1. I'd like to know if the range A:74-88 contains one or more residues that are in contact with a helix residue (DSSP H, G or I) (Cβ under 7 Å, 6 or more places away or on another chain), of a type in the set (Val, Ile, Thr) and either more than 14 Å from chain B (Cβ to nearest Cβ) or at positive phi (or both).
2. Test A:Gln296 against the stated conditions and say whether it is without any contact (Cβ under 8 Å) to a residue 12 or more places away in the chain, in a helix (DSSP H, G or I) and either away from chain B (no Cβ under 12 Å) or farther than 13 Å from A:Gln273 by Cα (or both).
3. Just to be sure I understand the filter: pairs with C-beta atoms under 6 Å, separated by 6 or more residues or on different chains, first member in the range B:137-154 and more than 10 Å from chain A (Cβ to nearest Cβ), second member among the aliphatic types (A, V, I, L, M) and in a loop (DSSP other than H, G, I, E, B). Which pairs pass?
4. Do any helices (runs of 4 or more DSSP H) entirely within the range B:1-82 hold 1 or more residues that are surrounded by 20 or more Cβ atoms within 10 Å (Cβ to Cβ), of a type outside the set (Gly, Ala, Ser) and more than 14 Å from chain A (Cβ to nearest Cβ), and if so, which?
5. Please pick out the residue among B:Ala431, B:Ala425 that is touching a residue at least 60 places away in the same chain (Cβ under 8 Å) and in a loop (DSSP other than H, G, I, E, B).
6. Quick check on this structure: which one of A:Val4, A:Val12 is assigned to a strand (DSSP E or B), more than 23 Å from A:Thr136 (Cβ to Cβ), touching a residue at least 24 places away in the same chain (Cβ under 8 Å) and of a type in the set (A, V, I, L, M)?
7. Take the conditions part of a helix (DSSP H, G or I) and among the β-branched types (Val, Ile, Thr) and apply them to B:Val150. Does it pass?
8. Would you confirm whether or not the range B:582-601 contains a residue that is free of Cβ contacts under 8 Å to residues at least 40 places away in the same chain, within 14 Å of chain A (Cβ to nearest Cβ) and assigned to a loop (DSSP other than H, G, I, E, B)?
Amino acid sequence: MTAVVLSTKRVVELVDELMKDFEVVAPVESRGDLLLVPIDDAEEMTIEYSNSNVSPKDLFFPQAERLFEYSVGRGTFRLRARPERRRRLIFGIRPCDVAGLRYLDASFGGDITDPNYWSRRANTKLVCIACTKPCTESCFCTSTNTGPSPTTGFDVALTPLRDRFLAETLTESGRRILKSHSRVFEPLAEDDLAEKEKRVVLARRRFKRRVDVARVVEGMNHLFRNDIWESVAKRCLRCGGCTYVCPTCYCFDVFDWSRDSSGERLRHWDSCQFVGFGRRSGGLNARPTQVERLRQWYYHKFSYSIDQLGMLGCVGCGRCVEACIGNIDIVQVLNELARM
Amino acid sequence: MTQGGLCVKGWNVHEFVHDPTRLTRPLIRGETGFFETDWRTAIGLAAKRLQEIVAKHGPDAVACLSSSKCTNEENYLMQKFARCAIGTNNVDSCARLCHSSTVVGLTRAFGESAMTNPIEEIEGAQVVFVIGSNTTEEHPLIARRVVAAVDKGAKLLLADPRTIELSRFATIYARLRLGTDVALLNGMMSVIITEGLYDRGFVETRTENFEALRKTVERYTPELSAEITGVPSAQIAEMARIFASSKRSMILYAMGITQHTTGVDNVLAIASLAMLTGNVGRRSSGISPLRGHQNVQGACDMGALPDLYPGYQRASDSEVRTKLEREWGARPPEKPGLTITEMFDAALEGRVRAMYIMGENPALTDPDSSRVEKALRSLEFLLVQDIFMNETGRLAHMVLPAACFAEKDGTFTNTERRVQRVRRAVPAPGAAKADWEIISLLSAGIGYPMRYTSPKEIMDEIARLTPSYAGISYERLEGFGLQWPCSSPDHPGTRVLHHRRFSRGRGLFSPVEYEPPAERTSPEFPFALTTGRLLPQFHTGTMTRKSPTLEREAPECQVEINPRDAASLNVRTGQFVRVASRRGSIKARALVTDAIGERTAFIPFHYAEAAANILTNPALDPNSKIPEYKVCAVKIERCE
């Protein structure tokens, strides 16, 4: 662990410096929304923010992207893929979203890796800012063990102390960032680490929304046929918003567009909440009603993910609650499940 | 407004915006089909053709269709183009086809035809009465508010011929027969009056013509009402009591009320029910005619109507015309123009020779589409302006490529009268231009220059001429926009209409009698057919059917029929049936469901390959000229 201190006054200076080496993505307020977007000037960003309305997964796995283009000539077939390899740095990603990326890393990794995802991911550094209080009325990261402070997966973690941040790193690339910008950092004061621990404990206490996740996970073994799924599903308006804003949902569909002798293959986000998602040729649908579709989402996150990847598929960001137009609150649902 | 939520269409809208089949260059019809051209050639030719037709047949031989999908600024320019550049009042839009009966009905009853209360007040209602609105599928973000109200303890009364999703939340769900809304509403009012549940104070101090209403509705006993509607009399009485029991009762309605030959009557009965119980002009009460496009309200506000100028100022008022003439430099015509449905009759009769259609697809949206297609084919010049080639564009002599909402600046006025900014987020594809730019070019081409450098300048002109928009400017629209009427730069906008006083003074009770639909079932055509929308699709699908995700959700037309009828037709879900009316027939798959009553069928109108409007009846409401999309008689046979 390497740790130094960054004065709040010098954050802009640091970001300006980072912009020389990276395309910097940072929190920007725009008409009441909080976006994580590339900035041209460090002054555009805000460090007084909760979290972005949508998860930063689209920086690695965009809602729509071209996988490749092709063209057919006389006896030739050309296929062109141009993965993005920009050097990027996200300044101000939240701990829950770092955990979300770890989940996506596992999903897009493994035996077969996804080149588009990894060309972006491998070239992106993460500077995470720990939360001092819940981002929204909906988030519950203390229950999923993904916040309010990051434990792994980041390059640099910043924890707000009084008028400064404690900057820590666990990785070689993080150490390089701290070292090459050592001018803006200051050495650790004696009680800074203790101060951080105190603040993390204090921050944890501010999270009132809690879920007994272990109980939920255990309960999933016997709740598959429970009535709860029907009572929750009846509120669902099939918008797919929960899956689109979710930091861990990774389903996509591919489409081919061809005109004459050339074309392209596109990849768009898809959602298990859509009726067409599970429809087979001939019209048979593995998940014919919203009850099965909604249940699938919960089971994937709180049961199947644990078997498949050894991790929970939910990072407690609460965005699905904010996005739901059917007024479904995952915390309420989980607590109900935990009581059963 | 949306509380950060989007429906499935909003989440996937990028798919059609970036669709590779968007129109990118002006197209001119040649002998072998369309060929691409540049703007200068296209505008020059279109202007010449329009001028020739005006010179030969007069300005009334041209008709313009404005669009609820376009901005206020663009609708304003389209009506100005018709009135000043061409010299005709022949300008209308699809608002005619969805809420013209609201415009007539609520103007007569209240003096103003818009949603009376803001959307967010639905959540505070004690009673929500939804009639003729499949809110979940057509206005999901409003359905969300209804469910939130129920969560807070509100009672939901629901009247619909189909068991729609909201019925799961309803305290009472009344499945009424198609087109019997007046009988149901009169039945409810009869109970409210007979049992003395009406608001005497409100009726005496705020309304007029109560005695006439009493006389008419008293004859609609719950028993008679039950006989007509098919809803049990006890249910009718209970709905009446629940509705009248609260001072925060709201009524939500949509096309199920308006698209009837009795559309205006239906609206008048709704207005009477609200006034009778004192539920107008206060928080979480009133009437919510739910508008379907993002700018139906605005298209009407801007005067894209054949008899009304911006802000519903009457074309017959010479003072208004003088005011407009000063600003416009041309005297707008006095004689009312043609409505959308009349335009096609006029085309068939040779009175209309040219049409300029912006962002609409009447070849699919208008009733009895075979007749509409014939009318469009008979035109000497058909100019279509759209973001995609569609069924109407294919019949055109020229098609101009337009920018979509994400590619331009402007304002929309939503269903709660809220004027909001839309901002350019992405560039338009190819040479496509914003509709306001195209109209300006064409107008200059025929000798009436419009010199606007931005939509903001157009809004400033709108504010100068439109009393209800007088206080609106782009600077003031930052944030959440403003609700009209907004009469001066320091006016805060108006949340609730008819507070203390109706726009017309006293609210007017207009008693109405039940009239059956224009076309009744018969031994030959034994099914009553109704039409509507599905959640993932929008209108004729020109946009949503381009989105692979949305199209996959509802890829084909399905005819909903009741299991008993299915059994007697020997049809199962997924089998093809032929549905025929007196006007034409379509083939589609059956969807057997008890969500619909016996001898009734439902078809969504999104699908060109099984176009519901081949079947529908072009019979019009006499006052508003809205067609009866919601009832016609059909027969259904299994396809062998």
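1. Looking through the range A:74-88, none of the residues is in contact with a helix residue (DSSP H, G or I) (Cβ under 7 Å, 6 or more places away or on another chain), of a type in the set (Val, Ile, Thr) and either more than 14 Å from chain B (Cβ to nearest Cβ) or at positive phi (or both).
2. Working: without any contact (Cβ under 8 Å) to a residue 12 or more places away in the chain: no; in a helix (DSSP H, G or I): yes; either away from chain B (no Cβ under 12 Å) or farther than 13 Å from A:Gln273 by Cα (or both): yes.
Here the answer is no, as A:Gln296 does not meet what is asked.
3. B:His139/B:Leu290; B:Ala149/B:Ala125; B:Ala154/B:Ala125
4. Values: elements: B:8-11, B:13-17, B:39-57, B:72-80.
It comes to B:39-57, B:72-80.
5. Working: B:Ala425 fails: touching a residue at least 60 places away in the same chain (Cβ under 8 Å).
That would be B:Ala431, the only listed residue that is touching a residue at least 60 places away in the same chain (Cβ under 8 Å) and in a loop (DSSP other than H, G, I, E, B).
6. Working: A:Val12 fails: assigned to a strand (DSSP E or B).
Only one candidate qualifies: A:Val4.
7. Working: part of a helix (DSSP H, G or I): yes; among the β-branched types (Val, Ile, Thr): yes.
Against the criterion (part of a helix (DSSP H, G or I) and among the β-branched types (Val, Ile, Thr)), B:Val150 qualifies.
8. yes
The values are calculated or read from the model by the stated rules, or taken from the named source; none is laboratory data. Bear in mind the structure is a predicted one, so any value in this text is a computation, not a measurement. All Cβ positions, even for glycine, are placed from backbone atoms using ideal geometry, and neighbour counts span all protein chains on display.
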